[in-house]
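The values are calculated or read from the model by the stated rules, or taken from the named source; none is laboratory data. These numbers were taken from a predicted model, which means no experiment stands behind them. Cβ placement follows ideal geometry from the backbone for every residue including glycine, while neighbour counts extend to all protein chains displayed. The accessibility values were calculated without ligands, DNA or RNA, using every heavy atom of the protein model including side chains. Shrake-Rupley method; radii C 1.70, N 1.55, O 1.52, S 1.80 Å.
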Amino acid sequence: MKTAITPTRAENFSEWYQNLIVAADLAENAPVRGCMTIKPYGWAIWELMRDEMDKRIKASGVQNANFPLLIPIEFFNKEAEHVAGFAKEAAVVTHYRLKMIDGKLQPDPESKLTEPYIIRPTSETIIGEAMSRWVQSYRDLPLKLNQWVNVMRWEMRPRMFLRTSEFNWQEGHNVFATHEEANEDARKMHKMYGDYMRDVLAISCVMGEKTPEERFAGADHTYTVEQIMQDGKALQAGTSHDLGQHFAKSFGIQYLGTDGKLTHAWTTSWGTSTRMMGGLIMTHSDDDGLVLPPAVAPHQVVIIPITRGDENISAMNEYIAKLEQELRNHNIRVLVDNSDMRSADKMWKWIKRGVPLRVEVGAREMDDGVVTMTRRDLGKSSRETVAIKDFSETVSHRLDSMQHDMLAAVQERNKKMIHDVANLDELDSALANGEIGFFRIKYTETQNERFDALMEKYKITRRCLDDKDPTFVFVAKSY
RNA sequence: CGGGGCGUAGCUCAGUCUGGUAGAGUACUUGCUUUGGGAGCAAGGUGUCGAAGGUUCGAAUCCUUUCGCCCCGACCA
């Protein structure tokens with residue numbers, strides 16, 4: 001059978017992924033190294049993801065703000081571990097003016113900045129500086145801020161959505177009076193991310209704390225949401241950090257307590273990015289293209305008129321317009337594809353773009369007062385005839401079921417992707433046999449040189465400790 | 001930054017070894033016939049051959065320099 005995307009997942013997973021992004025019209029490589037242009041359809045998905053996340057962030061008492069893109073180099077220098085973590089991938093702004101020299105436009109040597117700026121790879125430092133002024137009294141705490149911005153990390157090996165030099169994200173930064181509150185907050189946002197992935201993206205994740213080896217630069221504790229892709233590799237989709245007093249001390253974030261003493265505060269930071277879209281794609285899609293959970297589908301329903309040129313077009317338009325309006329009235333995102341294309345081409349177009357429900361309306365349907373409807377996740381076998389009197393109700397049901405079934409399918413697959421191993425012998429032989437997925441093993445089993453050798457040999461890493469029993473660690477290959 | 005590869009039509013690439021003045025497929029436009037899971041025929045437009053310099057009567061092709069990109073590592077949301 002012919003598939004819309006070649007190669008298939010089985011043939012070459014990463015090439016399938018790249019080609020799907022192009023076929024679904026989500027994004028393309030930009031003429032800037034390591035950067036991508038997110039196209040309107042891809043951005044529409046991101047906006048839905050973002051809006052839902054933003055709602056949840058605000059519901060947890062966080063306010064949005066916006067800090068500068070450029071960070072003075074000395075800010076960066078204040079937190080030693082942080083510098084070590086990001087110095088290797090910083091884009092630096094050194095001049096403020098261009099000049100035509102020898103017929104070529106280039107930075108004017110005269111305009112060299114005495115203090116260069118770094119394009120933010122993350123904003124702990126510049127937000128820390130502001131917090132040091134905004135936090136004076138225990139009454140100013142907790143202070144909870146978030147921003148939706150783009151950041152830049154000069155990545156060595158970019159891949160669309162998964163790792164681009166510039167990416168869009170939200171970064172939350174909270175300050176508390178006590179360590180207990182800060183740690184609780186980091187865990188709370190961690191849980192919020194897990195709930196979001198499950199309820200909105202229909203992805204169940206492996207949740208847990210990063211081991212010290214994998215922790216964020218400058219954090220005491222890092223909590224991560226790890227997704228399992230169809231090829232068994234891990235994707236870190238959201239992290240939440242308990243930063244202890246590292247940044248509070250580096251930036252002088254102090255408050256005067258009820259006891260009259262000046263005390264350093266405790267901070268957290270937490271983020272999710274457009275990488276989630278990569279996870280969404282690699283989790284749900286198939287060899288015919290994208291499959292979107294209804295919650296983040298720009299068009300939940302596409303209505304395709306089937307015309308042969310001999311039917312009454314205006315009657316059909318009227319028939320379809322009613323259906324369209326009915327769905328709109330029920331807040332269902334619907335698109336009528338009246339474009340001048342052959343109907344078979346339209347169908348493939350929307351299959352590739354992952355529209356949850358395709359509705360076909362032709363002369364046959366009009367005569368019978370019905371529509372033909374097909375679910376994207378189940379394909380042709382789910383094709384059904386729906387009477388128009390039950391239309392919006394059936395559509396709502398199918399969308400709900402699809403959202404639910406997609407999650408169930410991922411949960412089912414994840415079960416098969418997570419393997420318990422008792423020791424390094426078992427881990428070694430499982431990997432040698434080409435088993436893919438996550439391996440759950442006692443953390444103490446990994447504290448030795450033999451495990452280091454296995455990491456090297458199979459390109460695996462510790463993903464996180466198991467939230468349900470932190471003496472166990474999940475090990476996997478990752479993106 | 002190490003190891004490999006590639007820059008030629010919107011896209012994918014052939015042509016380079018052996019120098020002779022630009023090709024294919026696809027996409028696009030138009031027309032006719034088609035149309036319920038990717039249609040067929042016909043006609044049509046498309047290039048500073050990555051850039052600069054050199055050799056030559058003549059360079060996509062040979063030489064030198066340079067820029068950029070992709071893949072595999074090290075790094076990461």
query: So how much slack lies between residue A:348 and residue A:180, counting 0.36 nm per residue of separation and subtracting their Cα-Cα distance, in nm?
result: 55.1 nm
statement: 1/(1 + (r/R0)^6) with r = Cβ-Cβ of residue A:331 and residue A:363, R0 = 30 Å, i.e. FRET efficiency to nearest 0.05, evaluates to 0.50
query: Hey, rough spin-label estimate for residue A:469 and residue A:444, points 7 angstrom out along Cα→Cβ, what's it come to in nanometres?
result: 1.3
- request: Could you tell me which of A:441, A:478, A:427 has its Cα farthest along the dipole of the stretch A:404-479 towards the positive end, charges placed at Cβ (Lys, Arg +1; Asp, Glu -1), taken about the Cα centre?
  value: A:478
query: Long-range amide H contacts for residue A:210: which residues qualify at under 5 Å (H placed 1.01 Å from N, peptide plane, sequence gap of 5 or more or a different chain)?
result: A:222, A:223, A:224, A:465
- line: Per the C-alpha gyration tensor (a ≥ b ≥ c, the square roots of its eigenvalues), the stretch A:370-414 is rounded if a/c is under 1.5, else prolate if a/b beats b/c, else oblate; here it's oblate
Chain A, accessible surface, carbon-and-sulfur percent (1.4 angstrom probe): 50
- line: Per the 1/(1 + (r/R0)^6) rule, R0 = 25 Å and r from the Cβ atoms of residue A:433 and residue A:8, FRET efficiency to 0.05 is 0.65
Chain A: calculated mean residue ellipticity at 222 nm from DSSP helix runs of at least 4, using -39500 (n - 2.57): -11000 deg cm²/dmol
- prompt: Straight-line reach from residue A:55: which lysines have Cα under 22 Å away, leaving out those fewer than 8 places along the same chain?
  reply: A:144, A:188, A:191
query: Which of rounded, prolate, oblate describes the stretch A:13-284, given a ≥ b ≥ c as roots of the alpha-carbon gyration tensor eigenvalues and a/c under 1.5 marking rounded, otherwise prolate only if a/b is larger than b/c?
result: oblate
message: Give me the dipole magnitude in Debye, nearest 20, for the stretch A:24-172 about the Cα centre, with unit charges on the beta carbon: positive for Lys and Arg, negative for Asp and Glu.
response: 120
message: Quick check: from the Cα gyration tensor, does the stretch A:1-40 come out rounded (a/c under 1.5), prolate or oblate?
response: oblate
query: About its Cα centre, how strong a charge dipole does chain A have in debye, to the nearest 20, once Lys and Arg get +1 and Asp and Glu get -1 at the Cβ?
result: 600
Magnitude of the charge dipole, the stretch A:421-477, Cβ model with Lys/Arg +1 and Asp/Glu -1, debye to 20: 220
task: Give the cross-link partners of residue A:78 among the aspartates and glutamates, using a straight C-alpha distance below 19 Å as the criterion and excluding same-chain residues fewer than 8 apart.
output: A:89, A:115, A:124, A:129, A:220, A:242
- request: Please identify every one of the GluC sites (Glu not before Pro) in the stretch A:426-478 that sits in a loop by DSSP and has no more than 16 other beta carbons within 10 Å of its own beta carbon.
  value: A:435
query: Taking the alpha-carbon centroid of each part, what is the distance from the stretch A:256-332 to the stretch A:154-175 in angstrom?
result: 21
query: Among bridges DSSP assigns within the stretch A:294-414, what percent are antiparallel (round to 5)?
result: 50
Relative contact order for chain A, counting Cα pairs under 8 Å that sit 6 or more residues apart, in percent: 15
- prompt: Got a sec? Charge dipole of chain A, +1 on Cβ for Lys and Arg, -1 for Asp and Glu; which of A:404, A:361, A:417 is way out at the positive end?
  reply: A:361
- prompt: Taking Cα centroids, how far is the stretch A:434-462 from the stretch A:17-76 in Å?
  reply: 33
statement: Counting only DSSP beta bridges fully inside the stretch A:354-479, the antiparallel percentage to nearest 5 is 85
Accessible area in square angstrom per residue, chain A, 1.4 angstrom probe: 46
statement: Given the candidates A:64, A:94, A:48, the one whose Cα lies deepest towards the positive end of the charge dipole of the stretch A:48-136, counting +1 at each Lys or Arg C-beta and -1 at each Asp or Glu C-beta, is A:48
message: What is the angle, in °, between the Cα long axis of helix A:179-199 and the longest principal axis of the Cα atoms in chain A? Nearest 10 is fine, range 0 to 90.
response: 20
statement: Checking rank on A:186-196, A:10-20, A:156-166, A:340-350, with mean other Cβ inside 10 Å and highest first, the result is A:186-196, A:156-166, A:10-20, A:340-350
field: Nearest-ten-degree value, helix A:391-417 long axis tilted from longest Cα axis of chain A
entry: 50
Antiparallel %, DSSP beta bridges [both residues in chain A], to 5: 80
